[in-house]
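Report on the following structure.
The values are calculated or read from the model by the stated rules, or taken from the named source; none is laboratory data. All values derive from a computational prediction rather than experimental measurement. Neighbour counts run over all protein chains shown; Cβ positions are idealised from the backbone, glycine included. Accessible surface areas use protein heavy atoms only, side chains included; no ligands, DNA or RNA. Shrake-Rupley method; radii C 1.70, N 1.55, O 1.52, S 1.80 Å.
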Amino acid sequence: MPNVKYAKRVEFMKDTAMYMRGLFDNMTDPNMRSFGGGAPARSVLPMDCMEEIAGEVLSDAGRGFEAFQYSAPFGLADLRQAVCDHLLTPTGIEAGPENIQIVSGGLESMYLICQLFIEPGDVILTEDPTFIHTTDTFKMCEAKVIACECDDHGLVIEDVEKKIQEYDAKIVYTVPTFGNPTGRSLPVERRKALAELGSKYNIIILEDDPYRDVRYSGEVLPAIYSFDKTGNTIMACSFSKIFAPGSRLGYAVADPEIIYALRDIKIATNSQPPGISEVLLAEYFHRGYYEKYLAKMVELYKAGRDAMMETMDKFFPEGFKRTTPDGGYYVWVEFPKSVSTSKLKERAQEYKFTFLSGGDWYPNSDPSEHDNTARFNFTTQPVEVIKEGIELIGKLACEMAAEAK
Ligand SMILES: Cc1ncc(COP(=O)(O)O)c(C=O)c1O
């Protein structure tokens, strides 16, 4: 073993890093039927159309040079325009290519934003529970993560304002639409209020919104970004949920001044987004495949969501509570306190099913405090596997609740 001394940040991120390692191990275990990760279904990955697109464009006569050469640090111009035309303008967001930075995977926006705004020890406010992968990044960048009070609709604005003042917070981080892990969506008036807090305290509202386009029910909600009049909101999105996680592409939307500054951080980090992926994605938009695949995803995932919720209602123990997501990838469950989801997960794994226990997703609590919570993904597995697995997990949970009596 080398006798080397790691930087302090490695210590700060130790717990979240261990959790993330376990999550990816679980997600990539071919023997496990997982409700744990946030992966798209195999059948909606763009494999069919990529035979056509890749064959045509990754050639000298096509866009091979753009794909394989060093490219623009902002990202390809036609991809940034396609983001505006296909994703932002149709949902009421006014933005042009000057507002867009293409990034190498959605999570990279969080990293670049921390590099731009966070000094060691600065506070980032989050939901409670919040997406553990981003807290891993925040901790790596030496931020202090403080969770704010949440109710059934998400962040409680009064508590956010109180904590901005108390901690002199630099960033408020939220996943406002079909949130990860809860599946909840923040109502319009709270979105507006958050944008106003960004302006009032001159801090960054970081709106992480990778699920916003994957909606099964309810009205489209305006982005926090659309209420921002002062350039304090940055929207971070990913192509992992609407194209392919393996493309390692995402985008940030912000005031052009901030986009310029982010570009400098991007150049210092890894120069530019992956050109091969960018060209394939740009053509996916230009040839009208995005809308077709999205419609397939929505139909498939809605069936998965409905099957999961129905099976939970039938087989989960009395007194359990769950969210009803209008879109996205996850249902969040609170079991009675007698059910330990970390133990339940171990029992489920004996039958080759897995999910995520929720205790670690509360940034400032000991995991044991919320060991009755869990996140279930309904997009990765086919409906029949969802029904079989959720019924089994429900029966195991009932046994556990009965044992505790
Ligand atoms: C809320 C949220 N933000 C960011 C990401 C990261 O996306 P990517 O896979 O593009 O890095 C995810 C992925 O699960 C997510 O759920």
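Numerical summary
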item: Residues of the range 127-146 satisfying the condition of being open to solvent by less than 10 Å² (accessible area, probe 1.4 Å) and of a type in the set (A, V, I, L, M); result: ILE132
item: Any hit, the range 321-340, residues being modelled with pLDDT of 95 or more, in a helix (DSSP H, G or I) and either touching a Leu at 6+ places or on another chain (Cβ under 6 Å) or on the phi < 0 side of the Ramachandran plot (or both); result: no
item: Any chance ASN26 is part of a loop (DSSP other than H, G, I, E, B) and farther than 23 Å from LEU294 by Cα; result: no
item: Enumeration of residues in the range 81-125 that are charged (D, E, K, R) and open to solvent by less than 30 Å² (accessible area, probe 1.4 Å); result: GLU108, ASP122
item: Residues satisfying the stated conditions in the range 360-381, i.e. of a type outside the set (D, E, K, R) and either open to solvent by 60 Å² or more (accessible area, probe 1.4 Å) or touching a strand residue (DSSP E or B) at 6+ places or on another chain (Cβ under 7 Å) (or both); result: TYR362, PRO363, ASN364, SER368, ASN372, THR373, ALA374, PHE376, ASN377, PHE378, THR380, GLN381
item: Residue match in the range 15-23 (condition: in contact with a Leu (Cβ under 8 Å, 6 or more places away or on another chain), closer than 12 Å to THR380 by Cβ and either in a helix (DSSP H, G or I) or open to solvent by 30 Å² or more (accessible area, probe 1.4 Å) (or both)); result: no
item: Unique residue being within 21 Å of the chain's Cα centre (by Cα) and without any contact (Cβ under 8 Å) to a residue 60 or more places away in the chain when the list is ARG248, ARG322; result: ARG322
item: Residues of the range 46-68 that turn out to be touching a helix residue (DSSP H, G or I) at 6+ places or on another chain (Cβ under 7 Å), open to solvent by 40 Å² or more (accessible area, probe 1.4 Å) and more than 25 Å from LYS296 (Cβ to Cβ), as a count; result: 2
item: Qualifying residue in the range 309-318 (condition: over 27 Å from MET110 (Cα atoms), open to solvent by less than 10 Å² (accessible area, probe 1.4 Å) and in a helix (DSSP H, G or I)); result: yes
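For (1) touching a residue at least 24 places away in the same chain (Cβ under 8 Å); (2) touching a Gly at 6+ places or on another chain (Cβ under 9 Å); (3) open to solvent by 70 Å² or more (accessible area, probe 1.4 Å), each residue gets a yes or a no:
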| site | (1), (2), (3) |
| --- | --- |
| GLU350 | no, no, yes |
| PHE353 | yes, yes, no |
| GLU384 | no, no, yes |
| ALA402 | no, no, no |
